[in-house]
Amino acid sequence: MKQTILNAALILGLGLTTANAQTKSLTSKNKSMDSSKKEKVVALIKSIETGAHEPVAYINPNKYIQHNLGVADGLAGFGQVLQALPPNSAKAQTVRAFQDGDFVFTHTNYNFFGLKIGFDIFRFEDGLIVEHWDNLQETPESLNPRGHSMIDGSTEIKDLSKTDANKTLVKNFLEAILINGQMDKIGKYFDGDKYIQHNPQIADGLSGLGYALEYMASQGLVMKFDKVHKVLGEGNFVLAVSEGSFGGAPSSFYDLFRIENGKIAEHWDVIEPIAAQETWKNKNGKF
């Protein structure tokens, strides 16, 4: 229930009734066109903390496709769950925001019925949000073995001309190494052991990654990637959305990579179990 409320608020993000939200979105459409896609998304997420009403205008009330499996399609699915949100309880700090065409993806630090780290993806049509995907994970109590959190690290976007090349690099890495297990090729994707890791269980470098995967496997926590669904990027940052399993449970993997000089230099991720289909509130699927 808590996760359902969080994601409802992430999209609606406002203490409005559905009818009021639809009216405001329609009457404010022209005004909303003035802001960039990134600005709209950051404002929408921030509104769960501030209670601002204006960002609902960035959502198309007549076409809104929801991929959070605990929330129904459209604005109408949010009214009831929003009533359970205690006033002035939420915090939302978007640390990174990127745009790839009609998609905006964000990396956000939440305090919303508990501490969480989340990736959100929004798709736009005609300046308004029409579709949403997300992945959320509870924030661990401690830092990882090298003192990194799930949200800190580099934020500067650069190398915009290399966006397509960097997306190809990440897609090839995921398919060759994580899906097909071609470990003899792993060296081509990294600059030796220079690799900053933000996964809460893994240390820096390829050596840290290898040790952690071996240990998790010994504990029956095998991480298996089966399919890459999306690869989005802006400059030196690339987000990959993949499907697989973790410890035998169907899971959604959101992995953010920072690329430097054609190599993977830094990594953040969020892993979320995929709910059983009989519990889904919409028919759109996780991906």
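The values are calculated or read from the model by the stated rules, or taken from the named source; none is laboratory data. Predicted, not measured: the structure shown is a model, and the values here were computed from it. Positions of Cβ are generated from backbone atoms using ideal geometry, with glycine treated the same way; all protein chains shown enter the neighbour counts.
Annotation note: of LEU169, LEU232, LEU160, the sole residue that is farther than 28 Å from LEU115 by Cα, surrounded by 20 or more Cβ atoms within 10 Å (Cβ to Cβ) and at pLDDT 95 or above is LEU169.
Going by the conditions given, is ASP134 part of a strand (DSSP E or B), within 17 Å of ASP255 (Cα to Cα) and among the acidic types (Asp, Glu)? It would help to see each step written out before you state the result.
Numbers: part of a strand (DSSP E or B): yes; within 17 Å of ASP255 (Cα to Cα): yes; among the acidic types (Asp, Glu): yes.
Here the answer is yes, as ASP134 does meet what is asked.
Could you please let me know if ILE259 is touching a helix residue (DSSP H, G or I) at 6+ places or on another chain (Cβ under 9 Å), modelled with pLDDT of 95 or more and not aromatic (Phe, Trp, Tyr)? Against the criterion (touching a helix residue (DSSP H, G or I) at 6+ places or on another chain (Cβ under 9 Å), modelled with pLDDT of 95 or more and not aromatic (Phe, Trp, Tyr)), ILE259 qualifies. Going by the conditions given, is SER154 among the hydroxyl-bearing types (Ser, Thr, Tyr) and loosely packed, with under 14 Cβ neighbours inside 10 Å? No: the conditions fail for SER154.
Tell me whether the range 41-64 contains one or more residues that are modelled with pLDDT of 95 or more and either within 30 Å of THR168 (Cβ to Cβ) or assigned to a strand (DSSP E or B) (or both). There is at least one residue in the range 41-64 that is modelled with pLDDT of 95 or more and either within 30 Å of THR168 (Cβ to Cβ) or assigned to a strand (DSSP E or B) (or both).
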